[in-house]
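**Student:** Encoded as structure tokens, here's the structure I'll be asking about.
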Amino acid sequence: MILKSLVGILILLISLCECKKAHCRHKVRKFPEGFLFGTSTAAYQVEGAWDADGKTENIWDHLTHNNPCMIMDCTNGDVAGDSYHNYKRDVEMMRELGLDYYRFSLSWTRILPTSFPDHINEAGVQYYNNLIDEMLKYNIEPMVTLYHWDLPQRLQDLGGWANPNVIEWYADYARVAFGLFGDRVKYWITINEPREICYQGYGADTKAPAVNFKGVGEYLCAKNLLLAHAKAYHIYDEEFRPKYKGSIFISLSGQFYEPESEEYVQAAYESNQFEWAIYAHPIFTETGGFPPVVKDKVAHKSAEQGFFRSRLPEFTPEEVEYIKGSSDFYGLNHYTTYLVYRNESAVGRYDVPSFYDDLGNEHYQPDEWEQGANGFPKVVPWGFYKLLTQIRNDYNNPPMIITENGFSSFGGLNDDDRISYLRQYIDAMLDAMDEGSDIRAYTVWSLMDNFEWMRGYSVRFGLYEVDYESPERTRTPRKSAFMYKEMLRTRSLDWHYETDTMTMTIDDGH
Ligand code: BGC
């Protein structure tokens, strides 16, 4: 008898331990009151209508038209999901899901075809007015990104984000947008993912404008971009917030860098500082400015290489103050995690000078980690938890909005892999919240399939599948759309929920 109960207790203990490992810790987990859910897209990735009604060329039009096969499947965003003509269906999908908000971006050259405020394109403004008004009709809040990578090509011809005048150009555009839409838009995102803009666009050739001016371009861009962001923040804060009472913040990409073993703790720390804290530190710390370790390393290498000054430009003390605190939320886009080590293999492997030579680390993802289409993203929910914990600790627990998180497939409606990814990542986020992280909202990338930058249409991130063969660009909900809908309806994460139908309904009472 005693033996039997001992065995029983043992089995119970083992199963509890097992549950810690698997995702069965919390079968049903409630979200806190007031927590908001959304989905996101970006103009170039979904709108199409690339030259309709007065819109002019941006850097993605330029890259895809002049070097089509820099894109994996040689495609472009000329038509994409044609949201320019399908906005009513897009809002219908938001209603089907029961979204609290929808994050989308404005196309600069659709609103300002000359790049400047001397000419405002009425047709472009009308499109965004229609979209915003249609959303508000159904109580779906617009969350608007001013800049999601589509700089006017004319400004690129003048150097783009490497030219300090971009601070004024961008601020003018922001002021126009606040004036046009600020009465109805209460969530503004200044810039999406500075790292991808600056490192991939200027320090490499893996995003437009593919300048590839290594070790210099990305740092010039970083300084100008942070100042441009801060200027838009201050304009909103001083001129528009008093009337409109909205909020304004930046979305930083942050993948997590984990030491491969104990001996690489410092190396991983430095990877995190270079990769994302280079943008977070100036805004969210009390000291401000670029992270000390980044400043030291780039200055040191620059001197060794014969430069007369650091390739990482300095901020003046006034600029440090101007940028500090210039974000109402920490907007985070997170997808995956890498392991970091450092040994002589990094020596001579990277171009000199370059960002990765300055950093001096290697990072990778083990083959056995589960992955999305084309290897991105690998499924590492504990990395999300660790990143959220680090942000909480390093920046005094800023209020956060997860502005992107999502999984890529090769298409098809039965996306159990996406469901599993989303559940695991949301669970990890709830763990961080239980420990005090002040996370206010969560956004799935993406509402629907879209032009996935260098991967074209070869990979799919949507809760809704887009049929690119059909002239209407028909949208069909995937299984994950039903999972997300149920999560929003019940305001809880339920590992066991399975949809028994693939037919969508609208339950918003309209
Ligand atoms: C970007 C999105 C992109 C997504 C998936 C993010 O870096 O903001 O535009 O589609 O990742 O790759």
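The values are calculated or read from the model by the stated rules, or taken from the named source; none is laboratory data. On a predicted model such as this, the values are computed, not experimentally measured, just so you know. Glycine also receives a Cβ, built like all others from the backbone with ideal geometry; neighbour counts cover every protein chain displayed. Accessible surface is based on the protein model in full, side chains and every heavy atom, while ligands, DNA and RNA are left aside. Shrake-Rupley method; radii C 1.70, N 1.55, O 1.52, S 1.80 Å.
**Student:** Eigenvalues of the Cα gyration tensor times 5, then square-rooted: what semi-axes does that give for segment 118-211, in whole angstrom, largest first?
**Tutor:** The answer is 28, 15, 11 Å, longest axis first.
**Student:** Another question, if that's okay. Give the dimensionless ratio obtained when the Cα radius of gyration of segment 77-126 is divided by 2.2 N^0.38 Å.
**Tutor:** 1.39
**Student:** Computing the accessible area with a 1.4 Å probe over protein heavy atoms, can you report the carbon and sulfur percentage for the chain?
**Tutor:** 54 percent
**Student:** Then there is this: Provide the FRET efficiency to the nearest 0.05 for the VAL352-SER470 pair, computing r from the beta carbons and using R0 = 60 Å. Could you put the intermediate results ahead of the total?
**Tutor:** On the way: r = 50 Å, r/R0 = 0.83.
With a Förster radius of 60 Å, E is 0.75.
**Student:** Additional query: What dipole magnitude, in Debye to the nearest 20, does segment 2-493 give about its Cα centre under +1 on Lys/Arg Cβ and -1 on Asp/Glu Cβ?
**Tutor:** With Lys and Arg at +1 and Asp and Glu at -1, about 1320 debye.
**Student:** Shape verdict for segment 23-62, please, from the Cα gyration tensor: rounded (a/c under 1.5), prolate (a/b greater than b/c) or oblate. Don't jump to the answer; show the numbers that get you there.
**Tutor:** Values: a/c = 5.63, a/b = 3.32, b/c = 1.70.
Prolate.
**Student:** Averaged per residue, what accessible surface does the chain expose to a 1.4 Å probe, in Å²?
**Tutor:** It amounts to 39 Å² per residue over the chain.
**Student:** What's the extension gain from LYS27 to ASN343 if we count 0.36 nm per residue and subtract their Cα-Cα distance?
**Tutor:** Taking LYS27 through ASN343 to full extension adds about 109.5 nm, to one decimal.
**Student:** Can you classify segment 169-312 as rounded, prolate or oblate using the Cα gyration tensor, where a ≥ b ≥ c are the square roots of its eigenvalues, rounded means a/c under 1.5, and otherwise it's prolate if a/b beats b/c and oblate if not? Don't skip to the answer; put the middle values down first.
**Tutor:** Values: a/c = 2.20, a/b = 1.79, b/c = 1.23.
Cα axes put segment 169-312 in the prolate bin.
**Student:** Considering only segment 342-481, what is the antiparallel percent among its DSSP beta bridges, to the nearest 5?
**Tutor:** Close to 55 percent.
**Student:** Assign one of three labels to the chain, namely rounded, prolate or oblate, based on the Cα gyration tensor with a ≥ b ≥ c the square roots of its eigenvalues; rounded applies when a/c is under 1.5, prolate when it is not and a/b is larger than b/c, and oblate otherwise. Please report the intermediate quantities before stating the final value.
**Tutor:** Working: a/c = 1.57, a/b = 1.11, b/c = 1.41.
Because a/c hits 1.5 or more and a/b fails to exceed b/c, the chain counts as oblate.
**Student:** Please name whichever of GLY159, VAL176, TRP149 sits farthest to the positive end of the charge dipole of segment 148-189, dipole taken about the Cα centre and charges placed at Cβ: Lys and Arg +1, Asp and Glu -1.
**Tutor:** Selected residue: VAL176.
**Student:** If you don't mind, there's one more thing I want to ask. Modelling each spin label as a point 7 Å along the Cα-to-Cβ direction, I'd like the ASP78/LYS243 distance in nm, to one decimal.
**Tutor:** Output for this residue pair reads 4.0 nm.
**Student:** Next up: Using R₀ = 51 Å, calculate the FRET efficiency as 1/(1 + (r/R₀)^6) where r is the Cβ-Cβ separation of LEU158 and ASP500; round to 0.05.
**Tutor:** Efficiency, from the Cβ-Cβ distance: 0.35.
**Student:** Between ALA52 and PHE213, with labels modelled 7 Å along Cα→Cβ, what's the label distance in nm to one decimal, could you check?
**Tutor:** Distance between label points: 3.6 nm.
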